[in-house]
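The values are calculated or read from the model by the stated rules, or taken from the named source; none is laboratory data. Quick caveat, the model's predicted, so the values are computed rather than measured. Don't worry about glycine lacking a Cβ; one is built from the backbone with ideal geometry, like all the others, and counts go over all protein chains shown.
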């Protein structure tokens, strides 16, 4: 309880205040002594605030609360003073970041600074060093680093934790006062590494085809760019029979690797054809793709169907040209008129012309190709292989040196590379060829054949069909074949004379050419056609055929040999396996003959060649020395035969070139 007068705390049941002496009993008078003291000591009553404080602190609990509050205030003031006296912390990892790249399990980590972080760092450096910031930098004293070995830094996995630390040069504290450099995040979790993935590049590529059916090819386009996976993109350029595929990192536009895809067919494509595109990825091509981006570049082949090729326009030039043949067959000339000078082929225009239309004969057809804008884009000139001295049945070939396939592939216009014109309608001259009045055969054997020509008497005089001219022939075969020609007019006057000569070899083989040459000038013979209607060839040729094959024979293979000691020497005895050996219809007959000369003995192998009727064709012999021989001697036969005459008659060729006998009495 409290005193109503002074507010002092009193024990419960107290009747007087121990402080002021006042009675606690309502209506009771104060104690006398106390009242006197109070009257003398306290001239005035206490204030309300004093009474309140006395009342608050009279409670023990309130005293404790007040003491705690006072302590906290003092502690706060002290803490503020301590903190204010500490250096300011600068978190270095606000100015860089950790970068992770590569493949999960083979990842890499390094510290990097973005543009924004770099700007912040420049401001901080300026703040700390002020005017000295151009010469000094925090980076001179502080170096953040990842606390891992090189091997560990190149084999990181997603989710792994790495530690970042600072290398601090203590001298910085002499330069910088009031700052402390620390890391906010000392541990960083690895993230963002790529998972290994197989990359089929051809799945992203669909080639285009250009040109015309039959001559199409993969279309050459500007560089094609398309995204791949794991932050990469491909840039594809067409290079003839292949595609060059360059792979870049999309974010930094940095080159990674190049591979090539090749077409198995590149030219002469038609709509509906199948073309295979193959890519072969080597380790050199793809190692950087895997290590940096987890991409396993696969070797791959993909098939594509050719489509989109335009249909070419075909043209037949002879439809617009009228060919004319003038003169008599064998000496006629060719010219032509262009019946349609301009022809439209799709959006293209073709102009045809004859540069020599006004001449006696023409050898060129000129073709000009214009585009839809009227611009001349190609000139094609066709050259005739002949336009004079032509005859009925000839085929005149027009051909151009221009690559028609190139024209077709570029413009879709199909011109012929060449075309032929048949010569017809010419008047035929009288064929006065004197060799055609004779007969000939090829006789004998390959390499020894003969050309046998004869001109029967009954064929040596003949007239032209109209009876106007008479041709008289004489024939001489004493040394060579010569046909002399004399032409008489209807009055019997001889006005032409010349000859044909042939010099055949006696060693002909199949495929050889035999020729009769005319002694008259070729130009004169052409004038005879024009002036008299008489055709005499300047040269007549025959191709050798039908000669029989020869047979190579070693006649000494029919011999037998025996040897015996003869004192210090060896003697040889010859024998025959057979006396007659047949070769086809011919036969070789043998007999041996021994004779002595200058103290030595010899054996002749006499050979006669007879035909199927037993007629002697030729004879000859070989011989060997048969005594005074030494062991190991090589004996070669002496030859006395006329091989050529035997071969011409029988086709048998004697050959003993490699034949020898070794003397051996053992």
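Could we say that residue 330 is outside any loop (DSSP other than H, G, I, E, B) and either within 26 Å of residue 409 (Cβ to Cβ) or touching a strand residue (DSSP E or B) at 6+ places or on another chain (Cβ under 6 Å) (or both) here?
no
Does residue 499 satisfy the criteria of being within 23 Å of residue 530 (Cβ to Cβ), outside any loop (DSSP other than H, G, I, E, B) and assigned by TED's automatic domain parsing to the domain that holds residue 516? Don't jump to the end; show me each part of the working.
Details: within 23 Å of residue 530 (Cβ to Cβ): yes; outside any loop (DSSP other than H, G, I, E, B): yes; assigned by TED's automatic domain parsing to the domain that holds residue 516: yes.
It is true that residue 499 is within 23 Å of residue 530 (Cβ to Cβ), outside any loop (DSSP other than H, G, I, E, B) and assigned by TED's automatic domain parsing to the domain that holds residue 516.
Has the stretch 533-548 got at least one residue that is part of a strand (DSSP E or B), within 30 Å of residue 429 (Cα to Cα) and over 60 Å from the mean Cα position of the chain (by Cα)?
So in the stretch 533-548, the residues part of a strand (DSSP E or B) come out as 534-535, 539-543, 548.
Checking the rest, the ones that are also within 30 Å of residue 429 (Cα to Cα) come to 534-535, 539-543.
Those still in the list that are over 60 Å from the mean Cα position of the chain (by Cα) too: 534.
Yes, there is a match, as at least one residue in the stretch 533-548 is part of a strand (DSSP E or B), within 30 Å of residue 429 (Cα to Cα) and over 60 Å from the mean Cα position of the chain (by Cα).
So that you can scan it fast, the table gives a plain yes or no per residue for (1) at pLDDT below 95; (2) touching a strand residue (DSSP E or B) at 6+ places or on another chain (Cβ under 7 Å):
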{"position": "567", "(1), (2)": "yes, no"}
{"position": "590", "(1), (2)": "no, yes"}
{"position": "601", "(1), (2)": "no, yes"}
{"position": "616", "(1), (2)": "yes, yes"}
{"position": "619", "(1), (2)": "yes, yes"}
{"position": "641", "(1), (2)": "yes, yes"}
{"position": "650", "(1), (2)": "yes, yes"}
{"position": "658", "(1), (2)": "yes, no"}
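Answer with yes or no whether residue 181 is assigned to a strand (DSSP E or B) and outside the structural domain of residue 292 (by TED's automatic domain parsing).
Details: assigned to a strand (DSSP E or B): yes; outside the structural domain of residue 292 (by TED's automatic domain parsing): yes.
Yes; evaluated as a whole, the condition is true for this residue.
In the stretch 447-464, which residue that is at pLDDT below 95 and in a loop (DSSP other than H, G, I, E, B) is nearest to the chain's Cα centre (by Cα)?
Across the stretch 447-464, the extreme among qualifying residues is 447.
Restricting the stretch 296-320 to residues that are out of contact with any helix residue (DSSP H, G or I) (no Cβ under 7 Å at 6 or more places or on another chain) and crowded, with 19+ Cβ neighbours inside 10 Å, which is nearest to residue 102 (Cα to Cα)?
Step one: filter the stretch 296-320 for residues out of contact with any helix residue (DSSP H, G or I) (no Cβ under 7 Å at 6 or more places or on another chain), giving 298-299, 301, 303-311, 313-320.
Pick out the ones that are also crowded, with 19+ Cβ neighbours inside 10 Å and you get 306, 309.
Numbers: 306: 40, 309: 44 Å.
Here the residue is 306.
Please go through the stretch 313-324 and pick out each residue that is in contact (Cβ under 8 Å) with a residue 24 or more places away in the chain and either assigned to a strand (DSSP E or B) or under 27 Å from the mean Cα position of the chain (by Cα) (or both). Reasoning before the result, please.
Quick first cut of the stretch 313-324, residues in contact (Cβ under 8 Å) with a residue 24 or more places away in the chain only: 313-318, 320-321, 323.
Matches in the stretch 313-324: 313, 314, 321, 323.
Within the stretch 530-542, how many residues are touching a residue at least 60 places away in the same chain (Cβ under 8 Å) and closer than 30 Å to residue 441 by Cα? Spell out how you get there, then give the answer.
Residues of the stretch 530-542 touching a residue at least 60 places away in the same chain (Cβ under 8 Å): 530, 532-537, 540, 542.
Applying the additional criterion that residues be closer than 30 Å to residue 441 by Cα yields 534-537, 540, 542.
Within the stretch 530-542, residues that are touching a residue at least 60 places away in the same chain (Cβ under 8 Å) and closer than 30 Å to residue 441 by Cα number 6.
Return yes or no: is residue 409 within 30 Å of residue 211 (Cβ to Cβ), part of a helix (DSSP H, G or I) and outside the structural domain of residue 644 (by TED's automatic domain parsing)? So that I can check it myself, show each step before the final result.
Numbers: within 30 Å of residue 211 (Cβ to Cβ): yes; part of a helix (DSSP H, G or I): yes; outside the structural domain of residue 644 (by TED's automatic domain parsing): yes.
Against the criterion (within 30 Å of residue 211 (Cβ to Cβ), part of a helix (DSSP H, G or I) and outside the structural domain of residue 644 (by TED's automatic domain parsing)), residue 409 qualifies.
Table: residues versus (1) over 30 Å from residue 329 (Cα atoms); (2) free of Cβ contacts under 8 Å to residues at least 60 places away in the same chain.
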residue: 511; (1), (2): no, yes
residue: 544; (1), (2): no, no
residue: 579; (1), (2): yes, yes
residue: 586; (1), (2): yes, no
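What about residue 397, is it surrounded by fewer than 16 Cβ atoms within 10 Å (Cβ to Cβ) and either modelled with pLDDT under 95 or in a strand (DSSP E or B) (or both)?
Details: surrounded by fewer than 16 Cβ atoms within 10 Å (Cβ to Cβ): yes; either modelled with pLDDT under 95 or in a strand (DSSP E or B) (or both): yes.
Yes, satisfied.
May I ask you to say which residue of 611, 642 is farther than 21 Å from residue 658 by Cα and touching a residue at least 24 places away in the same chain (Cβ under 8 Å)? Spell out the reasoning first.
Working: 642 fails: farther than 21 Å from residue 658 by Cα.
Of the residues listed, the single one that is farther than 21 Å from residue 658 by Cα and touching a residue at least 24 places away in the same chain (Cβ under 8 Å) is 611.
Can you find a residue that is within 27 Å of residue 536 (Cα to Cα), outside the structural domain of residue 452 (by TED's automatic domain parsing) and in contact (Cβ under 8 Å) with a residue 24 or more places away in the chain anywhere in the stretch 362-374? Walk me through it before giving the result.
Looking only at the stretch 362-374, we keep the residues that are within 27 Å of residue 536 (Cα to Cα), and these are 362-363.
Those still in the list that are outside the structural domain of residue 452 (by TED's automatic domain parsing) too: 362-363.
Remaining after also requiring in contact (Cβ under 8 Å) with a residue 24 or more places away in the chain: 362-363.
Scanning the stretch 362-374, I find at least one residue that is within 27 Å of residue 536 (Cα to Cα), outside the structural domain of residue 452 (by TED's automatic domain parsing) and in contact (Cβ under 8 Å) with a residue 24 or more places away in the chain, so the answer is yes.
Name the single residue, out of those in the stretch 123-135 being loosely packed, with under 13 Cβ neighbours inside 10 Å and closer than 17 Å to residue 181 by Cβ, that is farthest from the chain's Cα centre (by Cα). Before you say what the answer is, go through the steps one by one.
We begin by selecting, within the stretch 123-135, every residue loosely packed, with under 13 Cβ neighbours inside 10 Å; these are 123, 127, 130-132, 134-135.
Those left that are additionally closer than 17 Å to residue 181 by Cβ: 123, 127.
Details: 123: 58, 127: 64 Å.
Filtering first and then ranking leaves 127.
Only one residue in 197, 237 is more than 23 Å from the chain's Cα centre (by Cα) and surrounded by 12 or more Cβ atoms within 10 Å (Cβ to Cβ). Which one? Steps first, please.
Working: 237 fails: more than 23 Å from the chain's Cα centre (by Cα).
When all the criteria are applied, what remains is 197.
Among the residues of the stretch 421-432, write down those that are touching a strand residue (DSSP E or B) at 6+ places or on another chain (Cβ under 7 Å), at negative phi and part of a loop (DSSP other than H, G, I, E, B). Please lay out each step first, then the result.
First, the residues of the stretch 421-432 that are touching a strand residue (DSSP E or B) at 6+ places or on another chain (Cβ under 7 Å): 421-423, 425-427, 429-432.
Remaining after also requiring at negative phi: 421-423, 426-427, 429-432.
Across the stretch 421-432, the qualifying residues are 423, 426, 429, 432.
Any idea which of 361, 411 is crowded, with 17+ Cβ neighbours inside 10 Å and closer than 20 Å to residue 326 by Cβ? Reasoning before the result, please.
Numbers: 411 fails: closer than 20 Å to residue 326 by Cβ.
Just one listed residue meets the conditions, 361.
Out of everything in the stretch 303-312 that is in contact (Cβ under 8 Å) with a residue 40 or more places away in the chain and assigned to a strand (DSSP E or B), what residue ends up being farthest from residue 380 (Cα to Cα)?
The initial filter retains those residues of the stretch 303-312 that are in contact (Cβ under 8 Å) with a residue 40 or more places away in the chain, namely 304, 306-312.
Keeping just the survivors that are assigned to a strand (DSSP E or B) gives 304, 310.
Details: 304: 36, 310: 22 Å.
Among them, the one singled out is 304.
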